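Q: Submitted below is the structure of interest, expressed as structure tokens.
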Amino acid sequence: MKILVTGGAGFIGSHLVEKLLGEGHEVAILDDFNDFYDPAIKRGNIAAVADRISVHQADLRDAHAVNSVFHAEKFETVIHLAARAGVRPSIGHPQLYYDTNVGGTLHLLEAARAVGIERFIFASSSSVYGLSKAVPFSEDLHLTQTVSPYAATKIAGEFLCSTYSHLYKMRIVALRFFTVYGPRQRPDLAIHQFTRRIWNGQPIDQFGDGTTRRDYTYIDDIIQGVMASLGYDGPLFDIFNLGESETVQLKDLIAGIEEALGKKAQINRLPEQPGDVPLTCADISKARRLLGYQPTTPLPVGLPLFVEWFHRTRDGA
């Protein structure tokens, strides 16, 4: 299968590209290599496979550039991972997030429709559940409110996908990722940032009292779910949660990193941040039943694996 992976040089995308190549697929990536974090990191993510993929550097906001990619190569499937990410940055830059995540998704769907793409997989987010009190979060929940521009762009992307699926009979699967971590995790995300700062003897910022809870999902489990969605033949449009279905308090996450590093954290306690939610917890029964999704890496296993990678890259290995 010939597959286009948007955001293919990023954290999740680069792992997915390697898995797809290992399964014998032909892969191209679309990435704008923006400076949200060092573009050299992204280029490093795909260095080992650069000679086996085609790379299209384009901005999703540019409809002409997106169309050019779809006419340069004939794809059978699009896996759309590219996005402006992060709840807190979205509050400061809502227009950028809207233009990239909503407008960019529309440009991809329209290009996919025009050339007859058979399957479109959309990376959504657990943030769409907002302040939902029904735990664990089920795909059947009626969602009425998001609490950050980032989350709003992701639910908007889902609605665009469902509309295009309905109108043009395009098979689309939306995957709601729950707090993904692992090797190559973006440097701004909590696990990576905490690990780096604790190791360097720098204080870490803890927003709130440490009781916020997240469903942390190891990268290999997310990739397993994405790969399974490639063969899904249920309704033309469907939504799945991909998580571990276990929640961990922030203070326990910090303790786990301390244990894996063998160093204590200096904690700078700060007020809760606008846009943050108190809890995420995935109901993954639907993904288990229909995708065969089976996460195998709980946080006590995944954190040491991440720290091993951190030390390897820190030491230049």
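Since every read-out is calculated from the coordinates, none of them should be taken as a lab result. As the structure is a prediction and not an experimental result, all values here were calculated from the model. Heads up, the Cβs are rebuilt from the backbone with ideal geometry, glycines too, and the neighbour counts pull from every protein chain shown.
Q: Would you compute, from DSSP H runs of 4+ residues alone, the mean residue ellipticity of the chain at 222 nm, taking -39500 (n - 2.57) per run and dividing by the full residue count, rounded to the nearest 500?
A: Numbers: 12 runs with 127 residues, N = 317.
About -12000 deg cm²/dmol.
Q: Hey, another quick one. Label the stretch 1-160 by shape, choosing from rounded, prolate and oblate, from the square roots a ≥ b ≥ c of the eigenvalues of the Cα gyration tensor; if a/c is under 1.5 it is rounded, and otherwise prolate applies when a/b is larger than b/c, oblate when it is not. The partial results should precede the final answer.
A: Working: a/c = 1.63, a/b = 1.53, b/c = 1.06.
It is prolate, given that a/c is not under 1.5 and a/b is the larger ratio.
Q: Give me a comma-separated list of calculated 3J(HN,Hα) values for the stretch 15-22, in order, Karplus coefficients 6.51, -1.76, 1.60 applied at θ = phi - 60°, integers in Hz, x for any Gly or Pro.
A: Along the stretch 15-22, the couplings run 5, 5, 4, 4, 5, 4, 4, x Hz.
Q: If you line up the long axis of helix 63-72 against the longest principal axis of the chain, both from Cα atoms, how many degrees apart are they, to the nearest 10?
A: Value to nearest ten degrees: 70.
Q: In addition: Looking at the square roots a ≥ b ≥ c of the eigenvalues of the Cα gyration tensor of the stretch 3-45, which shape do they give, rounded for a/c under 1.5, prolate if a/b is larger than b/c, or oblate?
A: Working: a/c = 3.05, a/b = 2.00, b/c = 1.52.
Prolate, because a/c is 1.5 or more and a/b exceeds b/c.
Q: Report, to two decimal places, the Cα Rg of the stretch 90-167 normalised by 2.2 N^0.38 Å (N = number of residues). Intermediate results must be reported in sequence, preceding the final value.
A: Working: Rg = 13.6 Å, N = 78, 2.2 N^0.38 = 11.5 Å.
In units of the 2.2 N^0.38 Å rule of thumb, it is 1.18.
Q: Cα convex hull of the chain: mean projected area in nm², to one decimal? Before the final figure, lay out each step's value.
A: On the way: hull surface 60.7 nm².
Averaged projected area of the chain's Cα convex hull equals 15.2 nm².
Q: While we're on this one: In square nanometres and to one decimal, what's the mean projected area of the convex hull around the Cα atoms of the stretch 109-237?
A: Working: hull surface 39.7 nm².
For the stretch 109-237, the mean projected area of the Cα convex hull comes to 9.9 nm².
Q: Of Lys42/Lys154; Lys42/Lys286; Lys19/Lys264, which ones are farther than 27 Å apart at the Cα? Mind dumping the intermediate values first?
A: Values: Lys42/Lys154 23 Å; Lys42/Lys286 33 Å; Lys19/Lys264 36 Å.
As for pairs spanning more than 27 Å Cα to Cα, those are Lys42/Lys286; Lys19/Lys264.
Q: How many nm is it between the label spots at Thr296 and Ile267, if each spot is 7 Å from the Cα in line with the beta carbon?
A: Between Thr296 and Ile267, the label points sit 3.4 nm apart.
Q: Find the percent of Cα-Cα distances in the stretch 191-252 that exceed 14 Å, and round it to a whole number.
A: Working: 1321 of 1891 pairs.
It works out to 70 percent of all Cα pairs.
Q: Moving on to the next point. With the crude spin-label approximation of a point 7 Å out along Cα→Cβ, what separation in nm comes out for Asp140 versus Glu259?
A: Result: 3.6 nm between the two label points.
Q: For the peptides 26-37, 100-111, what is the packing order when you average, over each peptide's residues, the other Cβ atoms within 10 Å and list the highest mean first? Show your work: numbers first, answer last.
A: Numbers: 26-37: 19.1, 100-111: 21.9.
Highest to lowest by the protection proxy: 100-111, 26-37.
Q: Right, another one. About the Cα centre of the stretch 28-103, what is the dipole size in debye to 20, counting +1 per Lys and Arg Cβ and -1 per Asp and Glu Cβ, all else neutral?
A: Details: 7 positive and 10 negative charges, 36 e Å.
Dipole size: approximately 180 debye.
Q: To continue, here is another question. Restricting things to alpha carbons, tell me how big the stretch 30-72 is in terms of Rg and Dmax, in Å.
A: Values for the stretch 30-72 (Cα only, Rg and Dmax): 11.5, 30 Å.
Q: With θ set to phi - 60° and the Karplus curve 6.51 cos²θ - 1.76 cosθ + 1.60, what are the ³J(HN,Hα) couplings of the stretch 236-244 in order, to the nearest whole Hz, using x for Gly and Pro?
A: Ordered by residue, 3J(HN,Hα) equals 4, 10, 8, 10, 9, 7, 10, x, 9 Hz.
Q: Compare the peptides 2-9, 265-272, 90-97 by average per-residue count of other Cβ atoms within 10 angstrom and give them in order, highest first. Please report the intermediate quantities before stating the final value.
A: On the way: 2-9: 24.4, 265-272: 12.1, 90-97: 15.9.
Order by mean packing, descending: 2-9, 90-97, 265-272.
Q: Choose one answer from Tyr129, Tyr181, Tyr164: the residue with the largest mean-square fluctuation in a GNM of the chain with alpha-carbon springs under 10 Å.
A: So, out of Tyr129, Tyr181, Tyr164, the one fluctuating most is Tyr164.
Q: Can you give the direction-averaged projected area of the convex hull of the alpha-carbon atoms in the stretch 155-231, in nm²?
A: Computed as one quarter of the Cα hull surface, the answer is 7.2 nm².
Q: Charges only on Cβ, +1 for Lys and Arg, -1 for Asp and Glu: so what's the dipole of the stretch 125-223 about the Cα centre, in debye to the nearest 20? List each step's numbers first, then the result.
A: Working: 11 positive and 9 negative charges, 42 e Å.
Roughly 200 debye, rounded to the nearest 20.
Q: Where Rh is the Kirkwood radius over the Cα pairs of the stretch 170-317, the temperature 25 °C and the viscosity 0.890 mPa s, what D in µm²/s does Stokes-Einstein return? Mind showing how you got there, number by number?
A: Details: Rh = 16.4 Å.
The estimated diffusion coefficient comes to 149 µm²/s.
Q: Nearest 10 degrees, 0 to 90: what angle lies between the long axis of helix 250-261 and the longest principal axis of the chain (Cα atoms)?
A: 80 degrees
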